[in-house]
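Okay, here's the structure, questions in a sec.
The values are calculated or read from the model by the stated rules, or taken from the named source; none is laboratory data. Nothing here was measured: the structure is a model prediction, and the numbers come from that model. So basically every Cβ, Gly included, is an ideal-geometry build from the backbone, and we count neighbours across all protein chains shown.
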């Protein structure tokens, strides 16, 4: 089990948003890459699922929270949408999200506000 998957009580809900209370580490690429994305404590994020899809995807489901925090933090750091979506996709898989759910969610974050 990785530092990412075993992390518990790492965030708290504040209305429709969440705040990290512990660092959230994610090793980018493959295990042993040495490339880390670490979401720091105090980072505010949300799980922006369009209202039309909320019957299918609960924006407060725990399995989406860590991947959502990683994605939002990568965007905050200036990563482009596709690079942030790649980390998001890997984190969704590590969080136990199935293939079809991952596909829909990853396409949604890539295409949202596409320019």
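Hey, among the residues in segment 50-78 that are over 15 Å from residue 17 (Cα atoms) and touching a strand residue (DSSP E or B) at 6+ places or on another chain (Cβ under 9 Å), which one's surrounded by the fewest Cβ atoms within 10 Å (Cβ to Cβ)?
77
While we're looking at this one, here's another question. Report whether or not residue 92 is surrounded by 15 or more Cβ atoms within 10 Å (Cβ to Cβ), assigned to a helix (DSSP H, G or I), without any contact (Cβ under 8 Å) to a residue 12 or more places away in the chain and touching a helix residue (DSSP H, G or I) at 6+ places or on another chain (Cβ under 6 Å).
no
Let me ask something additional. Take the residues of segment 1-27 that are in a helix (DSSP H, G or I) and free of Cβ contacts under 8 Å to residues at least 40 places away in the same chain: which is surrounded by the fewest Cβ atoms within 10 Å (Cβ to Cβ)?
Filtering first and then ranking leaves 6.
Can you tell me which residue in segment 28-48 is modelled with the lowest pLDDT, limited to those that are assigned to a loop (DSSP other than H, G, I, E, B) and closer than 17 Å to residue 85 by Cβ?
Ranking the qualifying residues of segment 28-48, first place goes to 48.
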